[in-house]
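Here's the structure we're looking at; comments come further down.
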Amino acid sequence: MSAPQGPKDRKPEPPVRLRTRRPCPLCQQPSKQKYHPFCSARCADIDLHRWLGGQYAIPAADPPDFDDAGEAATGKRDDGADSA
């Protein structure tokens with residue numbers, strides 16, 4: 001029989017991977033779990049700078065004016081009834 005192994009005698013287990021491994025979205029190198037989804041702190045910082053600089057902003061379309069949609073700016077509809 002072998003002697004009971006203490007916590008110091010155990011071989012460290014690899015970390016549990018909860019996400020699938022993907023390439024870094026900036027440089028396509030394999031991603032590291034510490035910086036997921038990036039490969040390094042450098043790529044993570046570059047991405048953060050792009051977010052803070054507004055480069056990832058979603059373009060918004062201006063809502064149509066009532067004049068362009070067929071309604072008068074005074075609030076009257078085409079059928080003669082007042083819009084409330």
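The values are calculated or read from the model by the stated rules, or taken from the named source; none is laboratory data. Since we're looking at a predicted model, the values are computed, not measured. For neighbour counting, all protein chains shown are included, and Cβ atoms are generated from backbone atoms with ideal geometry for every residue, glycine included.
Annotations
- Being in a loop (DSSP other than H, G, I, E, B), of a type outside the set (S, T, N, Q), surrounded by 10 or more Cβ atoms within 10 Å (Cβ to Cβ) and modelled with pLDDT of 65 or more is a condition met by no residue of the stretch 65-76.
- Pairing each residue of the stretch 42-67 that is over 18 Å from Q29 (Cβ atoms) with any residue that is surrounded by 10 or more Cβ atoms within 10 Å (Cβ to Cβ), provided the two are 6+ apart or on different chains, yields C-beta distances under 7 Å for Y56/R50.
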